């Protein structure tokens, strides 16, 4: 398990490891570009709804106004996300994720 993250050293002045878990599910780094710091949170959420909900509840402590979340939430957010490989069903983690998105004004760009 792990979250590979590649950084172009020609663009980024510095990268700082903020947090990583021992399961390879979350990696948080700060990068400095043109004297500005940005936080990248890279997530690979568990397929277990309860564990996803716990992860989503913990994320808020690391989010700031310059946060980019790169993710596989393993959550179908809306019926338009449904494909051959997934279905829209009751998911206890979905509400927690929506709450996180609303609280921190996060936009799902997909």
Could you please tell me which pairs satisfy a Cβ distance under 9 Å, a separation of 6+ or placement on different chains, a first residue in segment 1-27 that is over 22 Å from residue 54 (Cβ atoms), and a second residue that is outside any strand (DSSP E or B) and at pLDDT below 90?
15/5; 15/7; 15/9
Residue satisfying all of: in segment 21-37; in contact with a strand residue (DSSP E or B) (Cβ under 6 Å, 6 or more places away or on another chain) and surrounded by fewer than 16 Cβ atoms within 10 Å (Cβ to Cβ); nearest to residue 75 (Cα to Cα) among these:
37
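Working carefully through the options 31, 43, 68, 92, find the one that is under 20 Å from residue 5 (Cβ atoms), touching a helix residue (DSSP H, G or I) at 6+ places or on another chain (Cβ under 9 Å) and in contact (Cβ under 8 Å) with a residue 24 or more places away in the chain. Walk me through it before giving the result.
Details: 31 fails: touching a helix residue (DSSP H, G or I) at 6+ places or on another chain (Cβ under 9 Å); 68 fails: touching a helix residue (DSSP H, G or I) at 6+ places or on another chain (Cβ under 9 Å); 92 fails: under 20 Å from residue 5 (Cβ atoms).
Result: 43 is the single residue among 31, 43, 68, 92 that is under 20 Å from residue 5 (Cβ atoms), touching a helix residue (DSSP H, G or I) at 6+ places or on another chain (Cβ under 9 Å) and in contact (Cβ under 8 Å) with a residue 24 or more places away in the chain.
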Determine if segment 54-68 includes at least one residue that is buried (at least 16 other Cβ atoms within 10 Å of the Cβ) and over 11 Å from the mean Cα position of the chain (by Cα).
no
Looking only at segment 86-97, how many residues end up being surrounded by fewer than 16 Cβ atoms within 10 Å (Cβ to Cβ) and either more than 15 Å from residue 45 (Cβ to Cβ) or at pLDDT 85 or above (or both)?
6
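The values are calculated or read from the model by the stated rules, or taken from the named source; none is laboratory data. Just so it is clear, the structure is predicted and the values come from calculations on it, not from any experiment. Glycine gets a Cβ as well: all are built from the backbone with ideal geometry, and neighbour counts include every protein chain shown.
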